[in-house]
Structures are given as C-alpha cells and as structure tokens.
Amino acid sequence: TDLSKIRNFSIIAHIDHGKSTLADRLIQVCGGLTDREMSEQVLDNMDIEKERGITIKAQTVRLNYTARDGETYELNLMDTPGHVDFAYEVSRSLAACEGALLVVDAAQGVEAQTLANVYQSIEHDHEIVPVINKVDLPAAEPDRVAEEIEEIVGIQATGSWQEGGSVHTSAKTGLGIEDVLEALVARIPPPQGNRDAPLKASLVDSWYDPYLGVVILVRVIDGVLKKGLEVRFMQGGTQHLVDRVGCFTPKRTDLPDIGPGEIGFITAQIKEVEQARVGDTITTVKGGADKALPGYKEVQPVVFCGLFPVDAADFEKLRESIGKLRLNDASFSYEMESSAALGFGFRAGFLGLLHLEIIQERLSREYDLDLITTAPSVVYRVHLGHTKNEDAKVVDIHNPADWPDVNRIDTVEEPWIKATIYTPDEYLGAILKLCQDRRGVQTNLTYVGGRAQVTYELPLNEVVFDFYDRLKSISRGYASFDYEQIGLREGDLVKMNIMVNAEAVDALSLIVHRSVAEERGRGMCERLKDLIPRHLFKIPIQAAIGGKIIARETIAALRKDVTAKCYGGDISRKKKLLDKQKKGKARMREYGNVSIPQEAFIAALRMG
Ligand code: GTP
C-alpha cells in the first residue's frame with residue numbers, strides 16, 4: 001500500500017468512556033463485519049474482559065475506508081490494554097502508531113487514566129484527535145468537556161473537528177462516526193518507511209492460538225515481511241521461518257506481505273509466547289538490520305503470592321492449568337512451592353494486582369479450581385551482614401517464608417510508587433487520610449474545576465492489597481488511580497506471623513512496616529476471630545513479630561451441638577444450620593487441629 005494512504009492509530013480512554021463501543025462502530029462503518037457479527041463487542045476477546053469491561057490484550061484491526069475525497073485508506077486501529085498493570089504493552093502499541101483518538105465521556109469529563117494515557121501518547125509524538133462521546137446523554141456537556149480537555153490535557157478541543165477541535169459522537173446511536181474517520185484521515189500523519197531498506201519490524205504483541213501456535217503482531221518500520229522469509233529476533237536471539245502473514249479485519253485474513261508502515265500478524269512455528277517477547281525487533285537472517293529498535297524492556301513481575309488448591313488432590317490439575325495460562329502470558333511467572341500446612345502449590349508473580357486477580361479468576365472459572373491465595377507480597381531487597389561463616393550479601397525476597405533471620409538483617413529496601421489520584425473535591429479528605437494511613441508522602445495537590453489531582457509517593461506493599469478497592473469505595477467509584485514505580489527505598493520492615501492455636505499459619509504471615517505492625521496485627525486477629533468458626537476448644541489467635549506477641553484474640557469454645565439452641569425452635573432453621581456447617585467443611589483447611597475456611601485467608605488481610 002502507498003504509505004500516504006495508511007493511518008495507524010490507537011484509542012485512548014478512561015474505563016467506560018466508550019472505547020470498545022466506538023471501535024465497534026468504526027469497524028461496522030468500514031464494513032469489516034455484518035450486523036449479526038457486530039452483535040457482540042468484537043475487540044474485547046476474553047470473557048473476563050467482557051464482564052469487567054476491561055481490555056487486557058492488545059488487538060489490532062485493519063479497516064478500509066473510502067473517504068469523502070474518493071480515496072481508499074488503510075486504517076490500522078490498535079486497541080490497547082486499559083489498565084496500569086499493562087503499561088509496557090500499552091507503550092509498545094503506542095510506539096506502533098502515529099496518532100490517537102482521545103475518547104472522553106461528555107458527562108464525566110477528563111479522568112486520571114485519560115491523563116496518564118494521553119501523556120504517553122504525547123511522548124510518542126502522536127497527533128491526538130479528541131472525541132467527545134456519549135453526547136446523547138441528558139447530562140452531556142460537550143462544550144464544558146472540550147474546555148476541560150484544553151485546560152487539563154493541553155490540546156485543542158474547542159471548535160469543530162475541521163478547525164482542529166473535537167469530534168462529537170454517540171457511539172451508542174452512531175452519531176458522528178464518519179466524522180471520526182474523516183478526522184483520522186485528515187489529521188493523523190501517514191507513517192514513513194523504506195521498502196528497500198533491511199527489514200525492521202517491531203514485535204507489538206504475541207499470544208497463543210491453539211490452531212496457529214504463537215501469533216505475533218508486528219509493525220513494519222522498513223523492508224517487507226513475507227511468507228518463507230527467515231527472520232531473526234534481535235533481542236531474543238532466535239531464528240524462525242515465517243509461514244503465514246496477514247491481518248485482522250477483524251476476521252483473520254492472509255496477505256501476500258506486510259510493507260513499511262503497516263501493521264499485521266505473522267506466525268513462524270513458535271510454540272511459546274516466551275520466545276516472542278513484546279518490544280523485540282524482527283529482522284531478516286540474511287542482510288538484516290544491525291541495530292535493534294529502541295524501547296525494548298524485559299517485564300518483571302512485581303506482585304507475588306502463593307496459589308494452593310483447597311483440595312490437595314487438585315494439585316496436578318492446578319499444575320496443568322497454570323501451564324496452559326502461561327502459554328498465553330509470558331509476563332506471569334510461577335514456581336513450585338510447598339507449605340507446611342497448605343501442602344503443594346505454586347508461588348506466582350504478576351505485573352500487578354489486577355493481573356493477579358485475572359489469573360486467579362481464570363483458574364477458578366475456566367479450570368474449575370478452588371484455590372487458596374496467600375497474602376500478596378512485593379519484592380524486598382534485604383541486605384545481610386556478614387557472620388563468622390558467611391560474607392555480607394544482598395538477597396531479593398518475595399515470599400515471607402524466606403524472610404531471613406532478624407539478627408542477620410542490616411537493612412531492607414522496599415519498592416515505592418508514584419500514584420496520581422484524580423477525584424471530585426468532596427472525597428479528597430477521605431482520600432488524603434487513606435494515603436496518609438498507608439505511609440504516603442504527598443508531593444502535589446492541584447485543583448481543576450471541581451476536581452482535585454493529588455500525587456503521592458507510596459510504598460508498593462501498602463497498595464497491593466486493597467488500596468484500589470478502598471479508594472473506590474470511599475469515593476463512591478469517582479476517584480481514579482494510576483501509578484508508576486519509582487524505585488527502592490529503605491524501610492523498617494518486619495515479618496509478622498499469625499498464630500492460630502499457638503501454631504504459625506504460614507499463608508497468613510506477611511511483611512509489614514514496624515510503625516503499622518501493631519494495628520495490622522490487631523485488625524487481623526479481630527477479623528480472624530469472626531472468620532474462623534468455633535471449635536470444641538478455646539482457640540487463641542495471636543500476631544507476633546519474632547517472639548513478641550503484639551495482638552491477641554480468643555475464640556470461645558463451642559457447645560457440642562450446634563443446633564442445641566434450636567431445641568423447641570423450628571426445624572427448618574435447624575436444618576439450615578446443619579447445611580451451613582456441612583458446606584463450610586468442604587472449603588476448609590485444617591491447620592493443626594483448627595479448621596480455617598478458605599475465605600478467611602484473603603478476608604483476614606483486608607485492612608478495615
Ligand atoms: P473499557 O474497555 O473498560 O476501557 O471501557 P470502554 O471505554 O471500552 O467502554 P465501553 O465501550 O465498553 O462502554 C462503556 C459503557 O458506555 C457501555 O455500557 C456502553 O454501552 C456505553 N456507551 C458507549 N458509548 C456510548 C454513547 O455514546 N452513549 C451512551 N449513552 N452510552 C455509551
């Protein structure tokens with residue numbers, strides 16, 4: 001295709017502002033699918049994405065659009081993941097485009113996620129076309145939102161799109177969709193590239209397809225990719241034979257080649273996504289490029305937890321299921337782990353909490369596994385002093401079970417993040433308190449209109465568990481949150497053990513800052529007191545640091561017959577109690593001689 005007829009763009013939007021609906025409309029207008037096929041949103045593939053409305057894997061669609069100037073254009077629409085956990089994949093997708101549509105809800109206005117993504121887009125020198133969506137809503141205020149975009153984002157948004165302003169749309173009714181396409185063609189610059197130069201293609205994304213093996217999404221910079229070509233992955237160092245070249249319209253369509261400036265997919269008999277790392281550069285084995293494209297990064301998991309089957313007999317099933325998930329997701333890692341009380345399981349690493357939840361949900365839903373998830377942990381860098389027999393050394397610890405002996409620890413460093421929170425004024429007080437309680441350091445606070453934007457530096461371990469849930473609940477869902485990692489800082493961290501009936505429960509032990517240890521310990525003991533059913537004997541629950549008990553609760557002993565108090569009462573209530581007791585049993589773990597229900601492991605960690 002003639003380079004001047006190509007437009008590569010992505011859509012940036014805050015969750016729920018209408019990105020997927022708009023994408024579907026663009027596909028529909030360009031005739032990529034029939035009405036029946038359109039009935040389901042096409043870009044969000046996985047069930048979980050659909051249910052939660054979050055885009056996880058980037059997908060790209062090629063559209064042919066015949067513009068009002070009579071010319072036909074090749075539009076490559078790149079869908080990007082909508083969550084901070086997948087920031088690196090987003091950056092690689094953005095690097096493959098020359099422009100972006102910035103979709104803003106006409107009733108909601110600019111939100112934190114919008115801002116974070118738009119800044120990234122600006123960093124990639126994108127031409128940004130603002131799209132004010134949902135203008136059909138009674139609460140829509142497109143003019144106010146246009147001004148807000150100018151004020152906060154700093155790009156022109158007032159005026160008509162022909163004058164460099166924004167396009168007004170309703171992705172729901174179909175209003176303004178052709179204007180979006182016209183604005184794309186008119187305002188987003190075509191890509192540049194040289195067909196005769198050595199091949200350089202950027203690996204934008206990869207996923208596992210049961211029929212095709214690993215499918216690789218590429219953006220060709222220079223040269224041409226075609227079937228039969230022997231290619232080399234410059235960072236991965238492997239060589240492969242290209243056996244298929246094509247694009248998605250969104251149906252998979254084979255193509256003779258992918259030229260400079262174009263986006264498409266290849267397959268090359270690759271069995272594991274691990275071998276097709278996002279950000280790698282693909283070149284030819286013969287006469288290839290000598291320098292890789294910039295921007296390659298190896299993504300590292302930042303949040304770890306243990307995954308154990310509730311029923312020990314499910315271990316093999318868990319091993320198999322985890323292996324299958326990993327086929328499709330190179331950013332998730334795992335290794336076998338055994339715990340005194342939980343038996344055999346896996347220690348798994350994730351890009352963030354949402355990533356963890358997605359994997360956990362897929363294991364329970366798609367593979368029908370009941371799991372116990374231990375407390376999420378970040379990676380601590382522990383500096384150990386020398387002893388008589390050993391030199392001083394530095395170790396990275398992501399499992400509280402591996403925490404070294406206190407006497408050997410010189411210092412501990414923990415990862416910190418910079419969080420940007422964007423909220424309506426009225427919730428600011430509660431949000432500041434939350435950040436303060438989580439050891440946050442405020443670095444900025446500004447007001448725009450009736451909203452506040454606050455930035456905090458926070459230790460990652462204070463955020464991994466339930467920060468996001470808490471933020472959403474205290475702001476009734478209005479506050480938005482975005483973060484980036486800013487490196488390690490020294491902290492006074494200690495390991496807290498939880499003892500149930502005098503026995504340490506390894507799945508509940510966690511690393512905490514000394515200043516909050518007592519409060520957390522007390523909170524956990526109180527919650528566990530409610531979560532663990534009464535037994536025939538008295539059960540002490542204690543939180544301890546080293547040998548020192550910092551909190552304690554006691555579960556009173558149970559009278560022998562649960563239904564005793566129902567004597568003379570009605571029979572159905574009695575039956576209910578027995579049923580409940582039976583059900584409870586199926587999802588319990590025996591700890592020493594105490595049964596702990598599955599829910600308790602996670603619920604105990606929620607910080608009230
Ligand atoms: P993520 O995938 O989570 O980022 O969300 P999204 O930005 O893709 O939003 P999506 O397209 O799923 O739309 C969110 C909700 O807004 C859905 O219920 C849509 O039906 C609705 N919606 C989208 N566009 C419009 C519109 O123009 N008008 C109205 N009234 N509703 C819309």
Note on Gly159: of the conditions (1) away from the ligand (no atom under 14 Å from the Cβ); (2) part of a helix (DSSP H, G or I), unmet is (2)
Complete set of residues in the stretch 93-132 that are open to solvent by 30 Å² or more (accessible area, probe 1.4 Å) and assigned to a helix (DSSP H, G or I): Ala95, Tyr119, Gln120, Ile122, Glu123
Take the stretch 239-283 and flag every residue that is polar (S, T, N, Q) and either open to solvent by less than 10 Å² (accessible area, probe 1.4 Å) or at pLDDT below 95 (or both). Thr249, Thr253, Thr267, Gln269, Gln275, Thr281, Thr283
Of the conditions (1) of a type in the set (A, V, I, L, M, F, W, C); (2) within 14 Å of the ligand (Cβ to nearest atom); (3) free of Cβ contacts under 8 Å to residues at least 60 places away in the same chain, Val180 fails just one. Which one is it? (3)
Filter the stretch 349-372 down to the residues that are assigned to a strand (DSSP E or B), open to solvent by less than 10 Å² (accessible area, probe 1.4 Å) and touching a helix residue (DSSP H, G or I) at 6+ places or on another chain (Cβ under 7 Å) and list them by number. Phe350, Ile372
If you scan the stretch 496-516, which residues turn out to be under 19 Å from Asp437 (Cα atoms) and either under 28 Å from the mean Cα position of the chain (by Cα) or part of a strand (DSSP E or B) (or both)? Met496, Leu510, Ile511, Val512, His513, Val516
Restricting attention to the stretch 1-33, which residues are within 13 Å of the ligand (Cβ to nearest atom) and assigned to a strand (DSSP E or B)? Ser10, Ile11, Ile12, Ala13
Looking only at the stretch 322-348, which residues are open to solvent by less than 30 Å² (accessible area, probe 1.4 Å), of a type in the set (Ser, Thr, Tyr) and closer than 26 Å to Leu217 by Cα? Ser331
Does at least one position in the stretch 189-203 carry a residue that is among the acidic types (Asp, Glu), more than 16 Å from the ligand (Cβ to nearest atom), under 26 Å from Glu71 (Cβ atoms) and part of a helix (DSSP H, G or I)? no
Is it true that some residue in the stretch 137-146 is in a loop (DSSP other than H, G, I, E, B), open to solvent by less than 40 Å² (accessible area, probe 1.4 Å) and aliphatic (A, V, I, L, M)? yes
Does the stretch 490-501 contain at least one residue that is within 30 Å of Tyr427 (Cα to Cα), touching a residue at least 24 places away in the same chain (Cβ under 8 Å) and open to solvent by 10 Å² or more (accessible area, probe 1.4 Å)? yes
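The values are calculated or read from the model by the stated rules, or taken from the named source; none is laboratory data. Here the structure is a predicted model, which means the values were calculated and not measured. Every residue, glycine as well, gets a Cβ built from its backbone with ideal geometry; the counts of neighbours run over all protein chains shown. Just the protein is used for accessible areas: all its heavy atoms, side chains included, with ligands, DNA and RNA removed. Shrake-Rupley method; radii C 1.70, N 1.55, O 1.52, S 1.80 Å.
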